[in-house]
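The values are calculated or read from the model by the stated rules, or taken from the named source; none is laboratory data. Predicted, not measured: the structure shown is a model, and the values here were computed from it. Quick reminder, even Gly has a Cβ in these numbers, built from the backbone with ideal geometry, and neighbours come from all protein chains shown.
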Amino acid sequence: MPTWKNLHNLQTISPHPLPVLNDMTQVRPHPSYVSIHGGHSGEFCNHALDSLEDIVQAYIRKGFAWVGLTEHAPPVTDAFMYPDERDAGLDAGRLYDRFAAYIKTARELQARFAGTLDIYVGFETELTSGALPFTRRLIETFQPDYIVGSLHHVDDISFDFSREDYLSAVASLGGHDNLYCRYFDQQYELIEMLNPAVIGHFDLIRIHDEQYRRRLAKPEIAGRIDRNLTLIAERELILDFNLAALSKKMDEPYISAKILKKALEMGIAVVPGDDSHSVDSVGRHLEAGINILTGMGFSTNWQRPA
């Protein structure tokens, strides 16, 4: 059987033309550049840089077909603010107002660049005490195109802002295994209650765990992963193939390879997310992500979130 490597020789010796194989763009068009999770900006996020318009312009320059802007939802109360927000003198009320300004700005950009770039205006959720009814009110008030269901807290304890926070969460939950189990239990609750179109960085809980591959294979954790993936498949939701992990010197994106294989077998749509937090991070590692997904056999007819 011919291979891509010996294609030239086949074309030379064959007595018949090979019109389809000769035009490689017809055989393997390059997948569209998209991002289902990103667009965090210094305008509306304390740990990001640049304006939202500058980030959207960067997506346009890099030839993206469509992007989802998914700024963080404001916290329910001051108790769930991040240190950088406290340092900036903000409170939950001011963050709510800033979030409202984000939605307004994103809608203006969506309208302005229609026909040049398809923009979906969304936001990234949290699951802390009171967050479920609060998120429903945000959806009712702001009418986003979609939401990304993400967790950055477990049992109200932040785990991803710093390694120190992560180790504190491990200690509070009684060990890594318990932390993983609670994370996936709360993720299931979020999916069941909010039905987000996109599940953000599915296995983020491994962010500061060098032993995560061994831990994800443990029956009590693997069983929860399978349960959550089954719900995602049943509801035809999308998994964010979050490439930000590669910028943090991790071996693989969120989702890790074994979970990704299960998602493929279950027919779950997986779409790249650059999780951009600046102009410089727009599209970062996207080619690597596309190569992983195409190599595994995922469709690159990317499912849109809305």
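A few comments on the model shown:
- Restricted to segment 173-197, and to residues there that are out of contact with any Ser or Thr (no Cβ under 7 Å at 6 or more places or on another chain) and part of a loop (DSSP other than H, G, I, E, B), the residue that is farthest from V154 (Cα to Cα) is A197.
- Selected residue (criterion: farthest from E164 (Cα to Cα)) from residues of segment 206-242 that are part of a helix (DSSP H, G or I) and either in contact with a His (Cβ under 8 Å, 6 or more places away or on another chain) or without any contact (Cβ under 8 Å) to a residue 24 or more places away in the chain (or both): E234
- Identity of the residue in segment 283-306, part of a loop (DSSP other than H, G, I, E, B) and closer than 16 Å to K261 by Cβ, that ends up farthest from the chain's Cα centre (by Cα): G297
- Hits in segment 181-198 - residues which are in contact with a strand residue (DSSP E or B) (Cβ under 9 Å, 6 or more places away or on another chain) and hydroxyl-bearing (S, T, Y): Y183
- Within segment 116-164, being of a type in the set (S, T, Y), part of a loop (DSSP other than H, G, I, E, B) and out of contact with any Asp or Glu (no Cβ under 9 Å at 6 or more places or on another chain) holds for T116, T125, S162.
- Pair list, Cβ < 9 Å and 6+ apart or interchain, from segment 48-70 residues that are within 25 Å of T125 (Cβ to Cβ) to residues that are modelled with pLDDT under 95 and surrounded by fewer than 16 Cβ atoms within 10 Å (Cβ to Cβ): G68/A306
- From V20, V34, V27, residue being at pLDDT 95 or above and β-branched (V, I, T): V34
- All positions within segment 74-98 that are part of a helix (DSSP H, G or I), surrounded by 14 or more Cβ atoms within 10 Å (Cβ to Cβ) and among the hydrophobic types (A, V, I, L, M, F, W, C): F80, A92, L95
- When segment 254-272 is filtered for residues that are more than 17 Å from the chain's Cα centre (by Cα) and either assigned to a loop (DSSP other than H, G, I, E, B) or polar (S, T, N, Q) (or both), the ones remaining, listed by number, are M266, G267.
- Exactly one residue out of D280, D251, D275 is crowded, with 20+ Cβ neighbours inside 10 Å, outside any strand (DSSP E or B) and charged (D, E, K, R): that is D275.
- Residue among S247, S299, S276, S281 that alone is farther than 25 Å from F161 by Cα and not aliphatic (A, V, I, L, M): S299
- Output for segment 91-134, where each listed residue is over 21 Å from D274 (Cβ atoms) and touching a Ser or Thr at 6+ places or on another chain (Cβ under 6 Å): A92
- Flag for E71 being assigned by TED's automatic domain parsing to the domain that holds L138, at pLDDT below 95 and not in a helix (DSSP H, G or I): no
- For T128, the requirement of being touching a His at 6+ places or on another chain (Cβ under 8 Å), among the β-branched types (V, I, T) and either in contact (Cβ under 8 Å) with a residue 12 or more places away in the chain or closer than 14 Å to C45 by Cα (or both) is met.
- Inside segment 123-143, residues that are within 23 Å of F159 (Cα to Cα) and buried (at least 18 other Cβ atoms within 10 Å of the Cβ) make up a count of 9.
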